[in-house]
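Everything on this sheet refers to the single structure shown next.
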Amino acid sequence: MASIPAEKAQRKHTAARLMTFCGLMVLLIAALVALGIWQVERLSWKEDLIARVDQRVDAEPVPAPARAQWGKVSRANDEYRHVTAEGILQNDKETLIYASTVLGPGYWVITPLNLSDGTSILINRGFVPTDKRDAATRSDGQVRSAQITGLLRITEPKGTLIKSNDPANDRWYSRDVAAIADRRNVADVAPYFIDADATPNPGGLPVGGLTQIAFPNNHLVYAITWFALAIMAAGLLAFVVRSELRARA
(Lines give C-alpha, C1' and ligand atoms only; values in the text may rest on other atoms or scores of the structure.)
Protein backbone atom coordinates (compact mmCIF):
# COMPACT_ATOMS: atom_id res chain seq x y z
CA MET A 1 0.00 0.00 0.00
CA ALA A 2 1.37 3.40 -1.01
CA SER A 3 2.40 5.71 1.80
CA ILE A 4 0.57 8.99 2.38
CA PRO A 5 3.61 11.14 1.40
CA ALA A 6 3.87 9.19 -1.86
CA GLU A 7 0.18 9.78 -2.60
CA LYS A 8 0.58 13.51 -1.92
CA ALA A 9 3.59 13.69 -4.21
CA GLN A 10 1.67 11.89 -6.95
CA ARG A 11 -1.25 14.29 -6.59
CA LYS A 12 1.06 17.30 -6.78
CA HIS A 13 2.71 15.86 -9.88
CA THR A 14 -0.68 15.24 -11.51
CA ALA A 15 -1.88 18.73 -10.58
CA ALA A 16 1.27 20.28 -12.05
CA ARG A 17 0.80 18.35 -15.30
CA LEU A 18 -2.84 19.45 -15.45
CA MET A 19 -1.92 23.09 -14.89
CA THR A 20 0.73 22.91 -17.60
CA PHE A 21 -1.75 21.29 -19.98
CA CYS A 22 -4.41 23.90 -19.19
CA GLY A 23 -1.95 26.74 -19.73
CA LEU A 24 -0.83 25.42 -23.10
CA MET A 25 -4.42 24.83 -24.19
CA VAL A 26 -5.44 28.36 -23.19
CA LEU A 27 -2.54 29.74 -25.26
CA LEU A 28 -3.55 27.52 -28.19
CA ILE A 29 -7.18 28.63 -28.00
CA ALA A 30 -6.14 32.29 -27.83
CA ALA A 31 -3.89 31.84 -30.87
CA LEU A 32 -6.66 30.13 -32.86
CA VAL A 33 -9.17 32.85 -31.99
CA ALA A 34 -6.63 35.52 -32.96
CA LEU A 35 -6.08 33.82 -36.32
CA GLY A 36 -9.84 33.68 -36.87
CA ILE A 37 -10.22 37.38 -36.08
CA TRP A 38 -7.32 38.19 -38.42
CA GLN A 39 -9.02 36.30 -41.25
CA VAL A 40 -12.26 38.21 -40.62
CA GLU A 41 -10.29 41.46 -40.91
CA ARG A 42 -8.63 40.16 -44.10
CA LEU A 43 -12.08 39.29 -45.48
CA SER A 44 -13.24 42.86 -44.96
CA TRP A 45 -10.06 44.21 -46.60
CA LYS A 46 -10.40 41.85 -49.59
CA GLU A 47 -14.06 42.70 -50.19
CA ASP A 48 -13.19 46.41 -50.07
CA LEU A 49 -10.32 45.84 -52.53
CA ILE A 50 -12.56 43.95 -54.97
CA ALA A 51 -15.17 46.73 -54.82
CA ARG A 52 -12.54 49.41 -55.45
CA VAL A 53 -11.00 47.51 -58.38
CA ASP A 54 -14.42 46.92 -59.95
CA GLN A 55 -15.06 50.64 -59.70
CA ARG A 56 -11.73 51.51 -61.34
CA VAL A 57 -12.13 49.04 -64.20
CA ASP A 58 -15.60 50.29 -65.10
CA ALA A 59 -14.78 54.01 -64.77
CA GLU A 60 -14.17 56.29 -67.73
CA PRO A 61 -10.49 56.28 -68.76
CA VAL A 62 -8.30 59.08 -67.43
CA PRO A 63 -4.82 60.16 -68.58
CA ALA A 64 -2.08 57.85 -67.33
CA PRO A 65 -0.09 59.34 -64.42
CA ALA A 66 2.57 61.75 -65.69
CA ARG A 67 6.12 62.03 -64.38
CA ALA A 68 5.13 64.41 -61.55
CA GLN A 69 2.71 61.78 -60.25
CA TRP A 70 4.93 58.70 -60.53
CA GLY A 71 6.07 58.84 -56.92
CA LYS A 72 2.47 58.57 -55.71
CA VAL A 73 1.48 55.59 -57.86
CA SER A 74 0.78 52.55 -55.68
CA ARG A 75 -0.76 49.13 -55.95
CA ALA A 76 -3.43 49.95 -53.38
CA ASN A 77 -4.57 53.19 -55.01
CA ASP A 78 -3.91 52.76 -58.72
CA GLU A 79 -3.69 49.17 -59.95
CA TYR A 80 -6.35 48.35 -62.57
CA ARG A 81 -7.18 52.03 -63.00
CA HIS A 82 -8.70 52.67 -66.45
CA VAL A 83 -6.21 54.95 -68.23
CA THR A 84 -5.24 56.24 -71.65
CA ALA A 85 -1.96 57.38 -73.21
CA GLU A 86 -0.93 58.59 -76.67
CA GLY A 87 2.47 58.51 -78.33
CA ILE A 88 4.84 56.64 -80.62
CA LEU A 89 5.36 52.90 -80.21
CA GLN A 90 9.03 51.89 -80.31
CA ASN A 91 8.46 48.55 -82.01
CA ASP A 92 12.19 47.93 -82.40
CA LYS A 93 12.40 47.70 -78.59
CA GLU A 94 9.57 45.28 -77.94
CA THR A 95 10.02 42.51 -75.38
CA LEU A 96 8.28 39.14 -75.33
CA ILE A 97 7.05 37.80 -71.99
CA TYR A 98 6.07 34.14 -71.80
CA ALA A 99 2.31 33.84 -71.19
CA SER A 100 -0.31 31.16 -70.74
CA THR A 101 -3.76 32.52 -71.58
CA VAL A 102 -7.25 31.44 -72.56
CA LEU A 103 -5.94 31.54 -76.12
CA GLY A 104 -3.17 29.08 -75.29
CA PRO A 105 0.57 29.48 -74.69
CA GLY A 106 2.49 32.30 -76.28
CA TYR A 107 3.82 35.72 -75.38
CA TRP A 108 2.81 39.16 -74.17
CA VAL A 109 4.18 41.85 -76.46
CA ILE A 110 5.63 44.67 -74.33
CA THR A 111 6.41 47.82 -76.32
CA PRO A 112 7.62 51.22 -75.06
CA LEU A 113 5.28 54.09 -75.85
CA ASN A 114 7.21 57.35 -76.19
CA LEU A 115 5.13 60.33 -75.03
CA SER A 116 5.33 63.94 -76.16
CA ASP A 117 7.10 65.01 -72.93
CA GLY A 118 9.97 62.58 -73.59
CA THR A 119 8.91 60.00 -71.02
CA SER A 120 7.89 56.44 -71.86
CA ILE A 121 5.34 53.89 -70.67
CA LEU A 122 5.69 50.18 -71.28
CA ILE A 123 2.58 48.90 -73.02
CA ASN A 124 1.42 45.31 -72.86
CA ARG A 125 -0.11 45.39 -76.33
CA GLY A 126 -1.53 41.91 -75.91
CA PHE A 127 -0.98 38.25 -76.71
CA VAL A 128 0.60 36.54 -79.70
CA PRO A 129 0.88 32.75 -80.18
CA THR A 130 4.27 31.09 -80.27
CA ASP A 131 4.39 30.92 -84.07
CA LYS A 132 3.90 34.70 -84.22
CA ARG A 133 6.64 35.71 -81.82
CA ASP A 134 8.74 37.07 -84.67
CA ALA A 135 7.56 40.63 -85.38
CA ALA A 136 8.04 40.02 -89.11
CA THR A 137 5.13 37.53 -89.04
CA ARG A 138 2.73 40.23 -87.78
CA SER A 139 4.00 43.33 -89.52
CA ASP A 140 0.49 44.79 -89.95
CA GLY A 141 0.25 45.21 -86.18
CA GLN A 142 3.56 47.06 -85.88
CA VAL A 143 1.93 50.49 -85.93
CA ARG A 144 3.84 53.60 -84.87
CA SER A 145 1.46 56.31 -83.71
CA ALA A 146 -1.04 54.93 -81.20
CA GLN A 147 -3.57 55.92 -78.60
CA ILE A 148 -3.62 53.24 -75.92
CA THR A 149 -6.51 52.64 -73.57
CA GLY A 150 -6.25 49.98 -70.91
CA LEU A 151 -5.59 49.13 -67.29
CA LEU A 152 -2.71 50.48 -65.24
CA ARG A 153 -0.64 47.64 -63.79
CA ILE A 154 2.15 47.69 -61.23
CA THR A 155 5.60 46.37 -62.12
CA GLU A 156 6.35 42.69 -61.40
CA PRO A 157 10.00 42.62 -60.28
CA LYS A 158 9.90 39.28 -58.46
CA GLY A 159 9.26 37.08 -61.47
CA THR A 160 6.82 34.20 -61.07
CA LEU A 161 6.52 31.45 -58.47
CA ILE A 162 8.16 29.05 -60.92
CA LYS A 163 10.73 31.05 -62.87
CA SER A 164 12.70 34.26 -62.59
CA ASN A 165 13.53 36.62 -65.44
CA ASP A 166 16.87 36.18 -67.19
CA PRO A 167 17.55 39.60 -68.75
CA ALA A 168 21.05 38.65 -69.93
CA ASN A 169 19.58 35.96 -72.18
CA ASP A 170 16.40 37.92 -72.93
CA ARG A 171 14.11 35.39 -71.27
CA TRP A 172 11.17 36.96 -69.52
CA TYR A 173 8.41 35.52 -67.36
CA SER A 174 7.09 38.62 -65.60
CA ARG A 175 6.68 42.27 -66.49
CA ASP A 176 9.53 43.86 -64.57
CA VAL A 177 9.41 47.45 -65.79
CA ALA A 178 12.83 48.55 -64.57
CA ALA A 179 14.65 45.45 -65.85
CA ILE A 180 12.97 45.58 -69.26
CA ALA A 181 13.65 49.31 -69.63
CA ASP A 182 17.30 48.75 -68.73
CA ARG A 183 17.64 45.85 -71.17
CA ARG A 184 16.04 47.85 -73.99
CA ASN A 185 17.74 51.13 -73.08
CA VAL A 186 14.49 53.00 -72.48
CA ALA A 187 14.99 56.15 -70.41
CA ASP A 188 12.50 58.06 -68.24
CA VAL A 189 10.10 55.14 -68.04
CA ALA A 190 7.03 55.15 -65.81
CA PRO A 191 7.09 52.76 -62.82
CA TYR A 192 4.01 50.97 -64.14
CA PHE A 193 2.82 49.45 -67.39
CA ILE A 194 -0.52 49.44 -69.19
CA ASP A 195 -2.46 46.36 -70.27
CA ALA A 196 -4.05 47.43 -73.56
CA ASP A 197 -7.77 46.80 -73.91
CA ALA A 198 -9.48 44.67 -76.55
CA THR A 199 -9.41 47.35 -79.27
CA PRO A 200 -8.37 45.32 -82.38
CA ASN A 201 -4.88 45.86 -83.78
CA PRO A 202 -4.29 45.85 -87.54
CA GLY A 203 -3.90 42.27 -88.70
CA GLY A 204 -5.54 41.01 -85.49
CA LEU A 205 -2.31 40.78 -83.46
CA PRO A 206 -1.45 41.30 -80.68
CA VAL A 207 -4.74 40.42 -78.96
CA GLY A 208 -5.43 42.82 -76.09
CA GLY A 209 -8.05 42.83 -73.39
CA LEU A 210 -6.95 39.57 -71.76
CA THR A 211 -6.19 40.97 -68.30
CA GLN A 212 -7.28 38.49 -65.65
CA ILE A 213 -8.79 40.27 -62.68
CA ALA A 214 -9.20 37.62 -60.01
CA PHE A 215 -8.63 37.92 -56.29
CA PRO A 216 -8.78 34.64 -54.32
CA ASN A 217 -11.13 35.22 -51.41
CA ASN A 218 -11.04 32.25 -49.07
CA HIS A 219 -10.78 34.28 -45.87
CA LEU A 220 -14.27 33.33 -44.64
CA VAL A 221 -13.44 29.63 -44.96
CA TYR A 222 -10.14 30.17 -43.14
CA ALA A 223 -11.88 32.14 -40.37
CA ILE A 224 -14.48 29.41 -39.85
CA THR A 225 -11.70 26.81 -39.76
CA TRP A 226 -9.70 28.67 -37.09
CA PHE A 227 -12.78 29.34 -34.95
CA ALA A 228 -13.88 25.69 -35.27
CA LEU A 229 -10.44 24.51 -34.13
CA ALA A 230 -10.63 26.93 -31.18
CA ILE A 231 -14.02 25.48 -30.18
CA MET A 232 -12.65 21.92 -30.46
CA ALA A 233 -9.64 22.84 -28.34
CA ALA A 234 -11.89 24.46 -25.74
CA GLY A 235 -14.06 21.33 -25.71
CA LEU A 236 -11.01 19.12 -25.17
CA LEU A 237 -9.82 21.35 -22.32
CA ALA A 238 -13.22 21.24 -20.65
CA PHE A 239 -13.38 17.44 -21.00
CA VAL A 240 -9.93 16.90 -19.47
CA VAL A 241 -10.58 19.28 -16.55
CA ARG A 242 -13.97 17.73 -15.83
CA SER A 243 -12.52 14.22 -15.95
CA GLU A 244 -9.77 15.22 -13.51
CA LEU A 245 -12.25 16.81 -11.10
CA ARG A 246 -14.41 13.69 -11.18
CA ALA A 247 -11.38 11.51 -10.53
CA ARG A 248 -10.45 13.58 -7.50
CA ALA A 249 -14.00 13.48 -6.17
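If I filter segment 178-194 down to residues being β-branched (Val, Ile, Thr) and in contact with a helix residue (DSSP H, G or I) (Cβ under 9 Å, 6 or more places away or on another chain), which single residue comes out as surrounded by the most Cβ atoms within 10 Å (Cβ to Cβ)?
We begin by selecting, within segment 178-194, every residue β-branched (Val, Ile, Thr); these are 180, 186, 189, 194.
Next, from what is left, pick out any that are in contact with a helix residue (DSSP H, G or I) (Cβ under 9 Å, 6 or more places away or on another chain): 180, 186, 189.
On the way: Ile180: 24, Val186: 20, Val189: 22.
Of everything passing the filter in segment 178-194, Ile180 is surrounded by the most Cβ atoms within 10 Å (Cβ to Cβ).
Annotation: of all residues in segment 46-63 being assigned to a helix (DSSP H, G or I) and loosely packed, with under 11 Cβ neighbours inside 10 Å, the one that is modelled with the highest pLDDT is Asp58. Taking the criterion of being out of contact with any Leu (no Cβ under 8 Å at 6 or more places or on another chain), in contact (Cβ under 8 Å) with a residue 12 or more places away in the chain and closer than 20 Å to Asn218 by Cβ, the residues of segment 23-36 that qualify are Val33, Leu35, Gly36. Within segment 68-102, the set of residues being among the basic types (Lys, Arg) and either touching a Leu at 6+ places or on another chain (Cβ under 9 Å) or surrounded by 14 or more Cβ atoms within 10 Å (Cβ to Cβ) (or both) comprises Arg81, Lys93.
Among residues of segment 210-224 that are in a loop (DSSP other than H, G, I, E, B), those with a Cβ under 7 angstrom from a residue that is of a type in the set (Phe, Trp, Tyr) and surrounded by 13 or more Cβ atoms within 10 Å (Cβ to Cβ), sequence gap 6+ or separate chain, pair up as Leu210/Phe127; Ile213/Tyr80. Looking only at segment 146-172, residues that are surrounded by fewer than 17 Cβ atoms within 10 Å (Cβ to Cβ) and either among the basic types (Lys, Arg) or in contact with a strand residue (DSSP E or B) (Cβ under 6 Å, 6 or more places away or on another chain) (or both) come to 4 in all. Put simply, of Arg138, Arg242 the only residue that is of a type in the set (D, E, K, R) and touching a helix residue (DSSP H, G or I) at 6+ places or on another chain (Cβ under 7 Å) is Arg138.
The residues of segment 103-132 that are surrounded by fewer than 16 Cβ atoms within 10 Å (Cβ to Cβ) and at positive phi, listed by number, are Gly104, Gly118.
Confirm whether Phe227 is surrounded by 14 or more Cβ atoms within 10 Å (Cβ to Cβ) and more than 30 Å from Leu113 (Cβ to Cβ). Judged against the criteria, Phe227 is a match. Please work out if Pro216 is over 27 Å from Gly71 (Cα atoms) and at pLDDT 90 or above. Criteria not met by Pro216. Scan segment 227-234 and tell me whether some residue there is out of contact with any Gly (no Cβ under 8 Å at 6 or more places or on another chain) and farther than 30 Å from Arg11 by Cα. Yes - at least one qualifying residue is present in segment 227-234.
The values are calculated or read from the model by the stated rules, or taken from the named source; none is laboratory data. Bear in mind that the values here come from a model prediction, so they are computed numbers and not experimental data. Cβ: placed from backbone, ideal geometry, glycine included. Neighbour counts: every protein chain shown.
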